[in-house]
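Novice: Got a structure for you, questions after.
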Amino acid sequence: MRSRKQKRLFLVLACGICLSAATGLTLAAFSSTLTYFLSPGSVLAKKPAPGLEFRLGGVVQVGTVATTINHGSPTTAFRVTDGTASIPVTYTGVLPDLFREGQGIVAIGAMTTGGTFAADEVLAKHGSTYMPKDVEQALRKAGKWNPKFGPPPAADTWNTMPVKSTNS
Amino acid sequence: MTETVLISGKISKTGSWLHHFANPGRFLRLVQPILPWLAAVSIILTVTGIIWGYAFAPADWEQGNAARIMYVHVPAAWVAMAGYAALAVCSFFSIIWRHPLADLAAEEIGPVGAGFTFVCLVSGALWGKPMWGAYWVWDARLTSVLVLFFLYLGHIALIRAFDNPAHGHRAAAILALVGAVNLPIIVFSVQWWNTLHQGNTISFSGNSKIYITMLYPLLIATLGFYMCFITLVCARVCAAIMEKRTGGLLLAAAERQG
């Protein structure tokens, strides 16, 4: 004969297992809609209809950024890439401060019939690496990393690197 | 039953070691003398961490001074999640072993945890605007933390919504346990889905992608926030035990007179 406490324990554990399974299956089923943005590769594969609004995410391709001034507002054209595919993007307006070549961004807008992505809004996606500017400069000088091309090297190569002035 | 236990400070039927340590009277005797020390340690650690982070740690290479918001945002987020985990553990003990102390703790963790979640959300919005270009986006990480905030608010309301406190404790414990499924979603959201929120910087297995002079103040501030949470919850639980005792004594006095 089990005690009431044991009965409650088994009941709670059984409910917990069922609930976790249900949540896991739901999240797996909705995983594509829970994604905040589409990569250029998946955009080229899915071919969203022109005018259908979605979010495009990727890295600003190096050497593709060109800004022109039309009627007093800047229009920037660049390509967003995920390493395999890339999509041309145009955006009119002031870009976020973090915008640069090699920067991860999320652009909100729609494809035009010409195959360009017309962005209404551009958000910058910053990296998850935190280091002082001196360390970044030292890595660049040593030829170990250029922020334009991909993420920084493994932290153990720079995390013990000496810094001249920590208060920069 | 609960009332008499709280007044006498002893449990008549000592079932297990759990009940030995979960006795409100014993908790009061153990915790009340060290509360001032807990408070002092939490203030010293938090102030040290934040001053170090804001005045002495280097600015970030990419985000400049805006990255300093992490010395508040990251500890608040960690404590908000750990607080909910503690709430779930208390609810588990409350629902299976009917602990009077676990009920009290669950009731007092809610508002403190909600406060830390609010700090996390607000500091995140203030960080998002200058860096991303938006205060808020509906990506998986931000949305799941907002759900955590609403779970806290729902728990606070539910546990106080019944005339019979035992009913409130049981209903709120079920809510807390069901809501615990959100915790792994928050933790893994940046790995499972594309998010605007950055991926994990700190890793327990392997390299953390943060320079050592920025890591130290972050860890000290985190320790400080954890201690603040523990101190606030302990102080609130002590106050709640005293309040119940006072209520019981007043009731007894009224009965003697009447």
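Novice: So in segment A:35-56, with the set limited to residues that are in contact with an Asp or Glu (Cβ under 8 Å, 6 or more places away or on another chain) and of a type in the set (G, A, S), which one is surrounded by the most Cβ atoms within 10 Å (Cβ to Cβ)?
Specialist: Out of the qualifying residues, it is A:S39.
Novice: Go through segment A:109-132 and give me each residue that's of a type in the set (V, I, T), over 30 Å from B:L215 (Cβ atoms) and buried (at least 18 other Cβ atoms within 10 Å of the Cβ). Show your work before the answer.
Specialist: Of segment A:109-132, the ones of a type in the set (V, I, T) are A:112-113, A:116, A:122, A:129.
Then drop every residue that is not over 30 Å from B:L215 (Cβ atoms), which leaves A:112-113, A:116, A:122.
Listed by number, the list holds a single entry, A:V122.
Novice: Can you pull out the residues in segment B:159-203 that are under 16 Å from the mean Cα position of the chain (by Cα), small (G, A, S) and within 9 Å of chain A (Cβ to nearest Cβ)?
Specialist: B:A180
Results for (1) part of a helix (DSSP H, G or I); (2) modelled with pLDDT under 90, shown as yes or no for each residue.
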position	(1), (2)
B:C120	yes, no
B:A125	yes, no
B:G128	yes, no
B:L158	yes, no
B:A161	no, no
B:I186	yes, no
B:G199	no, yes
B:I202	no, yes
B:T222	yes, no
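Novice: Looking at the structure I just gave you, is B:W138 within 14 Å of chain A (Cβ to nearest Cβ), aromatic (F, W, Y) and surrounded by fewer than 16 Cβ atoms within 10 Å (Cβ to Cβ)?
Specialist: Yes: the conditions hold for B:W138.
Novice: Continuing with the same structure: When residues of segment B:209-238 are filtered for being touching a strand residue (DSSP E or B) at 6+ places or on another chain (Cβ under 9 Å) and facing chain A (nearest Cβ under 8 Å), how many remain?
Specialist: Of the residues in that region, 5 qualify.
Novice: Mind listing just one residue for me: the one in segment A:36-56 that is without any contact (Cβ under 8 Å) to a residue 24 or more places away in the chain and farther than 16 Å from A:K125 by Cα and, of those, farthest from the other protein chains (Cβ to nearest Cβ)?
Specialist: A:K47
Novice: Mind checking whether some residue in segment B:144-156 is buried (at least 16 other Cβ atoms within 10 Å of the Cβ), assigned to a loop (DSSP other than H, G, I, E, B) and within 14 Å of chain A (Cβ to nearest Cβ)?
Specialist: No: segment B:144-156 contains no residue that is buried (at least 16 other Cβ atoms within 10 Å of the Cβ), assigned to a loop (DSSP other than H, G, I, E, B) and within 14 Å of chain A (Cβ to nearest Cβ).
Novice: Another question, if that's okay. Could we say that B:Y71 is assigned to a helix (DSSP H, G or I) and at negative phi here?
Specialist: yes
Novice: Under 9 Å by Cβ, and 6 or more places apart or on different chains, what pairs join a residue from segment B:238-258 that is in a helix (DSSP H, G or I) with one that is exposed (fewer than 12 other Cβ atoms within 10 Å of the Cβ)?
Specialist: B:G248/B:T4
Novice: Here is a further query. If A:T67 meets every condition in (1) closer than 26 Å to B:A66 by Cβ; (2) part of a strand (DSSP E or B); (3) touching a helix residue (DSSP H, G or I) at 6+ places or on another chain (Cβ under 9 Å) apart from one, which number is that one?
Specialist: (3)
Novice: Within segment B:97-117, does at least one residue satisfy the condition of being more than 12 Å from the chain's Cα centre (by Cα) and outside any helix (DSSP H, G or I)?
Specialist: yes
Novice: For segment B:101-137, what are the residues that are in contact (Cβ under 8 Å) with a residue 40 or more places away in the chain and among the β-branched types (V, I, T)?
Specialist: Within segment B:101-137, B:I109, B:V112, B:T117, B:V119, B:V137 meet the criteria.
Novice: So for segment B:67-83 (the condition being among the small types (G, A, S), within 10 Å of chain A (Cβ to nearest Cβ), farther than 30 Å from B:H167 by Cβ and over 19 Å from the mean Cα position of the chain (by Cα)), does at least one residue qualify? Write out each step before concluding.
Specialist: The initial filter retains those residues of segment B:67-83 that are among the small types (G, A, S), namely B:67, B:76-77, B:80, B:82-83.
Among the residues that remain, those that are also within 10 Å of chain A (Cβ to nearest Cβ) are: B:67.
Restricting the remaining residues to those that are farther than 30 Å from B:H167 by Cβ gives B:67.
Now narrow it down to the ones that are over 19 Å from the mean Cα position of the chain (by Cα): B:67.
There is at least one residue in segment B:67-83 that is among the small types (G, A, S), within 10 Å of chain A (Cβ to nearest Cβ), farther than 30 Å from B:H167 by Cβ and over 19 Å from the mean Cα position of the chain (by Cα).
Novice: Look at segment A:147-156 and say how many of its residues are at the interface with chain B (Cβ under 9 Å from one of its Cβ atoms), farther than 20 Å from B:P130 by Cβ and not hydrophobic (A, V, I, L, M, F, W, C). Write out each step before concluding.
Specialist: The initial filter retains those residues of segment A:147-156 that are at the interface with chain B (Cβ under 9 Å from one of its Cβ atoms), namely A:147, A:151-152, A:154-156.
Retained after the next criterion (residues that are farther than 20 Å from B:P130 by Cβ): A:151-152, A:154-156.
Remaining after also requiring not hydrophobic (A, V, I, L, M, F, W, C): A:151-152, A:156.
Final tally of qualifying residues: 3.
The values are calculated or read from the model by the stated rules, or taken from the named source; none is laboratory data. None of the values given here were measured: they were computed from a predicted structure. Methodologically, a virtual Cβ is constructed for each residue, glycine included, from the backbone with ideal geometry; neighbour enumeration extends over all protein chains shown.
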